[in-house]
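Please treat every number below as a calculation from the coordinates, not as lab data. Being a predicted model, the structure only gives us computed values, none of them experimental. Quick reminder, even Gly has a Cβ in these numbers, built from the backbone with ideal geometry, and neighbours come from all protein chains shown.
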Amino acid sequence: MNRISELHRLDNKVAVVSGGAGLIGAKLCEILAQAGADIVMVDNNPDLARSEAQRVAQLTGRRVLDRCVDITQEAAVRELAGSVHAEMGRCDILVNSAHYKGGAFFAPLGEYPLEAWNQVLAVNLTGAFLMCREFGKRMFAGDGGVIVNVSSTYGLVSADPRIYGESGINSPIAYAATKSGLLNMTRYIAVHWRPKVRANVLAPGGVENKQDPQFIENYCYRTPLGRMARRDDYQGAILFMCSDASAYMTGAVVTVDGGWTAW
Ligand SMILES: NC(=O)c1ccc[n+]([C@@H]2O[C@H](COP(=O)([O-])OP(=O)(O)OC[C@H]3O[C@@H](n4cnc5c(N)ncnc54)[C@H](O)[C@@H]3O)[C@@H](O)[C@H]2O)c1
């Protein structure tokens, strides 16, 4: 094997990806499978998970399982980790990409509902915690592994309300709190399960996905690279983070945002 393959190949690895059927998640699964990993796509949307798992399996020739699990449910996550180990024999890579899509996008800050706050926290933070706890402790007790928690630029800096114009939409405070919470949760894991488990955060910027044209224009203007991300713009970063290419990196935040946080 040449040095490039040695650093980036994931042959004989098993990767579990929560939110794996999503816009970004499916593309992360795709590149991990192309690098040689077998995939467990975990999502609470069973139809999407099935079709995306089939698509990734056909594209890559890897084994891709779909598992319909609500990651906010402790017993279900515990059972998932047990069944993945029973069926696949191991989990070397855990990527937490799931997030709660709702979350009161129109609510003004002063009226932000507690119910939405709790729903967002349950998936984005508690769900990620449960997945890290159940899969991470097995990595730590076994051959080690890699965890990547997917945050956001909005976990690093506040959402910029100016880009939403008069639409009344905003990115909610609960999203900001959870995406930021992932940063230190991940550092904590990196420190407490060192050196066997490496844990890092990927902080992506916004993906263009049929948003309002004015919003896209505002977002592009606000972004040094002048465009929103494509769905597959995070494949290079996740491959780096999940492979030996990043063997000396833990507790870090990899920001891939077109420069959004640079000014
Ligand atoms: N899309 C963007 O512009 C963008 C920008 C910055 C950060 N991010 C982050 O990237 C990650 C992926 O985003 P995306 O655009 O692919 O989102 P998405 O909404 O397309 O995918 C999220 C997936 O999570 C699943 N999910 C939701 N709740 C779940 C639960 N309780 N249990 C299991 N699965 C659940 C959904 O079914 C969905 O398939 C998220 O963490 C998001 O915060 C996205």
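Can you say whether Lys137 is basic (Lys, Arg) and over 21 Å from Leu32 (Cα atoms), as far as the supplied structure shows?
Yes, satisfied.
Taking Thr261, is it in contact (Cβ under 8 Å) with a residue 40 or more places away in the chain, crowded, with 19+ Cβ neighbours inside 10 Å and within 15 Å of the ligand (Cβ to nearest atom)?
No.
Does the stretch 152-187 hold any residues that are more than 13 Å from the ligand (Cβ to nearest atom) and part of a loop (DSSP other than H, G, I, E, B), and which are they?
Selection gives Ser158, Asp160, Gly165, Glu166, Ser167, Gly168, Ile169, Asn170.
From the list Arg78, Arg138, Arg133, Arg50, exactly one residue is part of a helix (DSSP H, G or I) and over 25 Å from Asn200 (Cα atoms). Which is it?
Arg50
So Asn200 ticks every box in (1) assigned to a strand (DSSP E or B); (2) within 12 Å of the ligand (Cβ to nearest atom); (3) closer than 20 Å to Met139 by Cα but one. Which box is left unticked?
Result: Asn200 passes all but (2).
In the set Leu48, Leu23, which member is in contact (Cβ under 8 Å) with a residue 12 or more places away in the chain and either touching a His at 6+ places or on another chain (Cβ under 8 Å) or surrounded by fewer than 15 Cβ atoms within 10 Å (Cβ to Cβ) (or both)?
Leu23
Quick one: how many residues across the stretch 203-220 are away from the ligand (no atom under 11 Å from the Cβ), touching a residue at least 24 places away in the same chain (Cβ under 8 Å) and part of a helix (DSSP H, G or I)?
Of the residues in that region, 3 qualify.
Among the residues of the stretch 4-22, is any among the basic types (Lys, Arg) and not in a helix (DSSP H, G or I)?
Yes, the stretch 4-22 contains a residue that is among the basic types (Lys, Arg) and not in a helix (DSSP H, G or I).
Out of all the residues in the stretch 141-151, which are outside any loop (DSSP other than H, G, I, E, B) and either within 16 Å of the ligand (Cβ to nearest atom) or within 14 Å of the chain's Cα centre (by Cα) (or both)?
Val146, Ile147, Val148, Asn149, Val150
Could you count how many residues in the stretch 73-99 are surrounded by fewer than 19 Cβ atoms within 10 Å (Cβ to Cβ) and within 10 Å of the ligand (Cβ to nearest atom)?
Matching residues across the stretch 73-99 total 2.
Applying the selection to the stretch 26-45, what residues are within 18 Å of Ser83 (Cα to Cα), within 14 Å of the ligand (Cβ to nearest atom) and buried (at least 24 other Cβ atoms within 10 Å of the Cβ)?
Val40, Met41, Val42, Asp43
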